[in-house]
Amino acid sequence: MNTYTLPNESGHFGIFGGRFVPETLMKAVIELGEAYESAKKDPSFQAEIGQLLKNYVGRETPLYFADNLTRHAGGAKIFLKREDLNHTGAHKINNAIGQALLAVRMGKKKIVAETGAGQHGVATATVCALLNLDCIVFMGEEDIKRQALNVFRMELLGAKVVSVTSGSATLKDAVNEALRYWVENVDDTHYLLGSVMGPHPFPQMVRDFQSVIGKETKLQFQLSVGTLPDALVACIGGGSNAMGMFHPFIEDESVSLYGVEAAGQGVDTEYHAASLTKGSPGVLHGALMYLLQDHNGQIQEAHSISAGLDYPGVGPEHSYLHDIGRAAYHSITDKEALDAFQLLSKLEGIIPALESAHAIAFAVKLAAEMDESKNIVVCLSGRGDKDVDTVKSRLREER
Amino acid sequence: MNRFEQAFSTLKENKNKAFVPYIMAGDGGLDCLVDRLILLEKYGATAIEVGVPFSDPVADGPTIQRAGIRALENGTTLQGIIAEIGKARQEVSVPILLMTYMNPIYSYGINEFVKDIRQAGVDGCIIPDLPIEEEAIITPQLEEAEIELIRLVTLTTPMERIKTISSKGKGFLYTVTIKGITGARNEYDSELNQFLMAVKEVSPIPVLAGFGISSQDQIIDLTKYCDGVIVGSKIVDLFNSQNLLELEKLMSVFKSKSEIL
Ligand SMILES: Cc1ncc(COP(=O)(O)O)c(C=O)c1O
């Protein structure tokens, strides 16, 4: 049955992926690939991750049937995979724990990371505190303003947050700076990348660490409903929560996979982050993937109300699934996400992250088009506490 | 003999070292690119590296980042750069190298890119985010057009890999002399000299040192162990501050030495 084995040995998903990094990093990237391959096969490493995910993160997370939301949508049943209930409030910690344990195993003492919304930064800082690793987080100046509370959290946890002012001063520039830092400190530092992007083995490794989401979902759904779900929905920044949800289902052809990008002010404006919907393939941050770029191959700024989706690319595996048609990618505007943010809060008593609100908004539309006998699982990737300020001021502006 | 072989065999005859300056195309306006190429040849450049501005230059430090931003703000495009190089070709006879990240090439179209740079008279390409593992994306086209891919090795590259990399190339081997990104430095890794000697030992092609080189003293010191230097951020700075006197002085490093000796 296991026919889907990508990436291949060189880290490619079809034409996508690869290792487009400066030679200075090649040794580190190759070593990381080897270390990961050996760790993956080591039961004690897997047990260590499992133990922390259970006792520290609080897994497994519930698969919750959202009855009120389902009735509101008026169609297929909507289930929520509650990644918002993880320690630190999002799926990001699943990956941070895996990579930090790998760094320890490789004898690295320092961790560098990038962050957009701050969720990955907080998850990384948390795990570094736990495992006694030095932690430096690069964050765009714009995002530091938008997510001040998360900056303070990271600092409380003992991390050093460095403001990035180059380029558009958002997530893509934070990745640039983290890569530059890694180039200079490659001997003792692990780059704890936060999504399914970057050079091989990151897209594969991050997907594997996040696939606990999809594996649990599959089991839980089987236990409670007795079948497979008909559709999975997840938001896409770099694509890690979506890849973690999708991967265990890729070979189950009856399960439709839907990725939801940020349409910002609309995909026909200049202000969106819909890399698959509106972008084209290119090379950025170590991988060939879909990108938002101009006619001369200059990377464009992404725009979204949610800092975590504000990235002008989408990981190589999604780029591949898009091209072969295994997953479908749609987009949701800022406005629709804001509405869904309030809707889920009011109907279910769950305040979702603005990122996750994109998935909710799409799922409501999708459910309405599907028969009541069908089932949709939405990855609720994070909780919305970090976003209440943003939402408050946006709603005030609108009035 | 192609322009590379010509340049390096002349150096060898004169027992001289290579000086390869880097400039950012479009910094100061694309109109001045031709003049700068002519000037650099006049000042004694062995070959000239022409940088293509990119929005996300991960291998570059602040000086070249800022030059790239200035160039992009001027509306510089890869297409425009290739056209200017084509014009300069009538007057400039040293090898011209394009240094560009992969994405502008990918977006241009790999086949079209190689065809156009060949027509413009570009002799080689340096692509800092294209390690040998990925180079097959462009090497068949480059080989057919007889354009050299200049490959990089760094302080972190294991010796076996340096052998593999250096055996692939024909022009020269670009040896990165710092663990880091571009930009002028005062300090070097203490093991650098030994590293350069070891690279020299295994490389069948000339070995040039680059990244972080900014003074005559450094150049004289480094070229004891290799065949020449590539100077980037310092040259970019000197053009930006229009300090041509200083530029001429820096580039006369080998001339004056050989005359004194
Ligand atoms: C809650 C939440 N969901 C989703 C994302 C998007 O990332 P990814 O697409 O990698 O899951 C982020 C990123 O910060 C996030 O914080």
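The values are calculated or read from the model by the stated rules, or taken from the named source; none is laboratory data. Everything numeric in this text was worked out from a predicted model, so none of it was measured. Heads up, the Cβs are rebuilt from the backbone with ideal geometry, glycines too, and the neighbour counts pull from every protein chain shown. The area values use the complete protein model at the heavy-atom level, side chains included, leaving out ligands, DNA and RNA. Shrake-Rupley method; radii C 1.70, N 1.55, O 1.52, S 1.80 Å.
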message: Once neighbouring chains are kept in place and the probe is 1.4 Å, which whole percent of the accessible area of region A:68-220 is contributed by carbon and sulfur?
response: 54 percent
- line: Once both label points are put 7 Å beyond Cα along the C-beta direction, the residue A:346-residue A:222 separation in nm becomes 4.0 nm
- request: Could you grab the relative contact order for chain A? Cα pairs under 8 Å, six or more apart, rounded to a whole percent.
  value: 21 percent
message: How charged is the neighbourhood of residue B:65? Take every other residue with its Cβ under 12 Å from the Cβ of residue B:65, and add Lys/Arg as +1 and Asp/Glu as -1.
response: -2
- line: In this structure, the FRET efficiency calculated for residue B:141 and residue A:105 from their beta-carbon separation, with R0 = 41 Å, to the nearest 0.05, is 0.50
query: With every protein chain present, what accessible area does residue B:167 have (1.4 Å probe, heavy atoms only), rounded to the nearest 10 Å²?
result: 80 Å²
- prompt: Hey, how many Å between the Cα centroid of region A:236-293 and the Cα centroid of region B:198-253?
  reply: 44 Å
- prompt: In terms of solvent-accessible area of protein heavy atoms at a 1.4 angstrom probe, what is the ranking of A:67, B:31, highest value first?
  reply: B:31, A:67
query: Using heavy-atom solvent-accessible surface (probe 1.4 Å) with all chains present, what is the largest-first order of A:317, A:142, A:372, A:301?
result: A:372, A:301, A:142, A:317
message: How large is the accessible surface of residue B:38 in square angstrom, using a 1.4 angstrom probe and rounding to the nearest 10?
response: 50 Å²
task: Just grab the label-to-label distance for residue B:190 and residue B:246, each label 7 Å out from Cα along the Cβ direction, in nm (one decimal).
output: 3.1 nm
- line: Expected vector for region B:218-228, Karplus 3J(HN,Hα) from phi with 6.51, -1.76, 1.60 and θ = phi - 60°, integer Hz, x for Gly and Pro, equals 4, 5, 4, 5, 5, 6, 5, 10, 8, 9, x
Region A:1-52: GluC sites (Glu not before Pro) in DSSP coil with no more than 14 other Cβ atoms inside 10 Å: A:9
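Given a cut-off of under 8 Å on Cα pairs at least six residues apart, what relative contact order in percent is computed for region A:335-399?
Details: 61 pairs, mean separation 22.2, N = 65.
Computed over region A:335-399, the figure is 34 percent.
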- request: At most 16 other Cβ atoms within 10 Å and a DSSP loop assignment: could you name the GluC sites (Glu not before Pro) in region A:208-273 that fit?
  value: A:251, A:253, A:270
- request: Check the cysteines of the protein assembly as shown one by one and keep only those with no other cysteine Cβ under 4.7 Å from their own.
  value: A:235, A:379, B:32, B:125, B:226
Residues with amide H under 5 Å from that of residue B:19, placed H, sequence gap 5 or more: B:46, B:47, B:229
Amide H partners (placed H, <5 Å) of residue A:374, local residues excluded: A:77
- line: Within region A:1-101, DSSP-loop trypsin sites (Lys or Arg not before Pro) with at most 15 other C-beta atoms within 10 Å are A:41
- prompt: So in the protein assembly as shown, what percent of DSSP beta bridges are antiparallel if you round to the nearest 5?
  reply: 20 percent
message: Once you keep just the Cα pairs under 8 angstrom separated by 6 or more residues, what percentage relative contact order results for region A:25-117?
response: 23 percent
message: Using only the heavy atoms of the protein chains and a 1.4 Å probe, how would B:32, A:128 rank by accessible area, largest first?
response: B:32, A:128
field: Prolate/oblate/rounded label for region A:107-209 (Cα gyration tensor, a/c 1.5)
entry: rounded
message: What figure, in Å² to the nearest 10, do you get for the accessible area of residue A:180 with a 1.4 Å probe and non-protein molecules left out?
response: 10 Å²
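Can you give the FRET efficiency to the nearest 0.05 for residue B:163 and residue B:255, using r as the Cβ-Cβ distance and R₀ = 41 Å?
It comes to 0.75.
In the structure shown, do any of A:27/B:255; A:81/A:386; A:109/B:179; A:218/A:335; B:15/B:42 have a Cα-Cα gap over 30 Å, and if so which? Each step should come with its number before you reach the end.
Details: A:27/B:255 38 Å; A:81/A:386 19 Å; A:109/B:179 18 Å; A:218/A:335 32 Å; B:15/B:42 19 Å.
Checking Cα-Cα distances, A:27/B:255; A:218/A:335 exceed 30 Å.
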message: As an exercise, use a Förster radius of 25 Å and the Cβ-Cβ distance of residue A:393 and residue A:155 to find the FRET efficiency, rounded to the nearest 0.05.
response: 0.60
field: Averaged over A:182-190, number of beta-carbon atoms from partner chains that fall within 10 Å
entry: 3
